[in-house]
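One structure is given here, and the rest of the page talks about it.
The values are calculated or read from the model by the stated rules, or taken from the named source; none is laboratory data. Keep in mind it's a predicted model, so treat the numbers as computed, not measured. So basically every Cβ, Gly included, is an ideal-geometry build from the backbone, and we count neighbours across all protein chains shown. Heavy atoms of the whole protein, side chains included, go into the accessibility calculation; ligands, DNA and RNA do not. Shrake-Rupley method; radii C 1.70, N 1.55, O 1.52, S 1.80 Å.
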Amino acid sequence: MQKSKYWFICLLFIVMAVSCDANRVFDEYKSVPDEWNKDNKIEFKLTPPDSTNAYNLFINLRNTEAYKYSNLFLIVELNYPNGKTIKDTLEYKMANPDGTFLGTGFTDVKENKLWYKGYETPFVFEESGEYTINIQHAMRQNGSVKGIDNLEGITDVGFRIEHSQTH
């Protein structure tokens, strides 16, 4: 009797852990070596499950205390299977005015889930086939035209797709 109760509790925890993230369609991270070079495009390849449902797209970032800025500029390129490309320059707030980092996490690593597409109108993958997402940083010092070559403090870059809550 005791052994079956133990297995039931384990099964319950597994079901709860899986169901907590039921909206996830795609979620992948790529590690950034010591510094993120401005020419290093982080690439994600994915084949969406369909071309009719609406989705929310996110860029996920993990940063440490070594990140020296209160914001982050990214260039995100979405390449469709049939050759269409959408390129966006995006700015994200990374810290409060007092310098404390935004994001979640109890250690010195903070995780940020940043909207990419779907926040105004849910995003639909119009074409079937493989999409490619390229993400690179576009940071520069205030008053400087030249970009920062190597960005410190970003440890991982991720891309996430969730089912839209409006479906």
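Listing for the model above:
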| read-out | value |
| --- | --- |
| Options Asn82, Asn60; residue that is among the polar types (S, T, N, Q) and open to solvent by less than 70 Å² (accessible area, probe 1.4 Å) | Asn60 |
| Enumerated strands (runs of 3 or more DSSP E) restricted to the stretch 56-167, each holding at least 2 residues that are in contact with an Asp or Glu (Cβ under 8 Å, 6 or more places away or on another chain) and touching a residue at least 40 places away in the same chain (Cβ under 8 Å) | 71-79, 131-137, 150-152, 154-163 |
| Hits in the stretch 20-33 (condition: closer than 17 Å to Ile135 by Cα and open to solvent by 80 Å² or more (accessible area, probe 1.4 Å)) | Ser31, Pro33 |
| Flag for Glu43 being within 26 Å of Arg24 (Cβ to Cβ), of a type in the set (D, E, K, R) and modelled with pLDDT under 95 | no |
| Conditions (1) on the phi < 0 side of the Ramachandran plot; (2) surrounded by 15 or more Cβ atoms within 10 Å (Cβ to Cβ): number failed by Gly103 | (1) |
| Enumeration of residues in the stretch 87-100 that are open to solvent by 70 Å² or more (accessible area, probe 1.4 Å) and closer than 18 Å to Leu57 by Cα | Lys87, Thr89, Glu91, Lys93 |
| All positions within the stretch 34-56 that are of a type in the set (A, V, I, L, M) and either open to solvent by 40 Å² or more (accessible area, probe 1.4 Å) or over 30 Å from Gln165 (Cα atoms) (or both) | none |
| Residue that is modelled with the lowest pLDDT, among those in the stretch 126-151 that are surrounded by 15 or more Cβ atoms within 10 Å (Cβ to Cβ) and either over 21 Å from the mean Cα position of the chain (by Cα) or under 12 Å from Lys38 (Cα atoms) (or both) | Ile148 |
| Tally of residues being among the hydrophobic types (A, V, I, L, M, F, W, C) and open to solvent by 40 Å² or more (accessible area, probe 1.4 Å) across the stretch 108-125 | 3 |
